[in-house]
Amino acid sequence: MGSNTGNIIAKLEGTLDKEPILFCCHMDTVTPGVNINPVIKGDTIYSDGTTVLGADNKAGIACILEAIKHIKEEKIEHGPIELAFTIAEEGGLFGAKNLDYSKVKAKTAYVLDSGGDPGQVVIKGPAQDKIVAKIIGKPAHAGVAPEEGISAIVVAAHAISNMNLLRIDEETTANVGVINGGQVTNIVCPEVEIKAEARSLNIEKLDAQTKHMVKCIEEACEKFGAKAQIDVERMYGPFNVKEDDEVVNKVKKPAKL
């Protein structure tokens, strides 16, 4: 979740008396983000296959910097432009959450961070809940007295098997992505950590899905006599911009050029 730098805010003074516009990207990538060797094939840039390319979100940063360079070189008239390059997006938007917004004057912002064809505008995004659950069972020797133990792995498996996961409906998804626990095969596993998430464009549906997943864990623990420490964090809320909103209309004309 950390970084070896901070957020970067930059400004290009306008030559026209217009409202400022903000362009935003994040600087971090998913792992492995070191020793990247870009390979150009035709009009496309790839990694060499041993690492990620990191186009998420280096591509967005490159577009913004090239646009600024072009504006300055060609002396194109423009309003004030603000840039925000944030850190630690992949882990939960930590850079954006801690950005010093007092240094930003723009009320209109464009975030260059999505796939799709050139000119595509994303106007909807889901909220996300992060669920981290530690299931605490009871250790015992698996070959001598397994009945004296409570397997946290069994409890976790029971809980997950009762969850509605993956595609829930057209607005909602859920996933258990990480399970950690156990060290040796001859000990009934005493502790397991589950990391999961739920996302939805609809807050009520997200609340219901998260509640369902937590309930599955709690009921499994009750069934087997285990305990659970469950932490739920709302990572970010949803957004829904109308298609005819001014911020969208500003994009439509140049996107057709």
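The values are calculated or read from the model by the stated rules, or taken from the named source; none is laboratory data. These numbers were taken from a predicted model, which means no experiment stands behind them. Note: ideal-geometry Cβ built from the backbone for every residue, glycine included; neighbour counts use all protein chains shown.
Filtered by the rule that a residue be among the β-branched types (Val, Ile, Thr), surrounded by 12 or more Cβ atoms within 10 Å (Cβ to Cβ) and either under 30 Å from His141 (Cβ atoms) or not assigned by TED's automatic domain parsing to the domain that holds Gly225 (or both), region 159-193 gives Ile160, Val176, Ile179, Ile187, Val188, Val192. May I ask you to verify whether Val214 is β-branched (Val, Ile, Thr), within 23 Å of Val121 (Cβ to Cβ) and in a helix (DSSP H, G or I)? No, not satisfied.
Which of the strands (runs of 3 or more DSSP E) found entirely inside region 9-84 contain at least 1 residues meeting this: touching a residue at least 60 places away in the same chain (Cβ under 8 Å)?
Numbers: elements: 21-26, 39-41, 44-46.
Where strands (runs of 3 or more DSSP E) fall fully within region 9-84 and carry at least 1 residues being touching a residue at least 60 places away in the same chain (Cβ under 8 Å), they are 21-26.
Here is a yes/no grid of residues against (1) touching a Leu at 6+ places or on another chain (Cβ under 9 Å); (2) not acidic (Asp, Glu):
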site	(1), (2)
Gly14	no, yes
Asp43	no, no
Thr108	yes, yes
Asp117	no, no
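Scanning region 112-138 for residues that are touching a Phe, Trp or Tyr at 6+ places or on another chain (Cβ under 8 Å) and surrounded by 15 or more Cβ atoms within 10 Å (Cβ to Cβ) yields Leu112, Gly125, Ala127, Gln128, Gly137. Out of Val241, Val247, Val232, Val214, which single residue is of a type outside the set (Ser, Thr, Tyr), surrounded by 15 or more Cβ atoms within 10 Å (Cβ to Cβ), in contact (Cβ under 8 Å) with a residue 60 or more places away in the chain and more than 30 Å from Gly149 (Cβ to Cβ)? Residue meeting the stated conditions: Val247.
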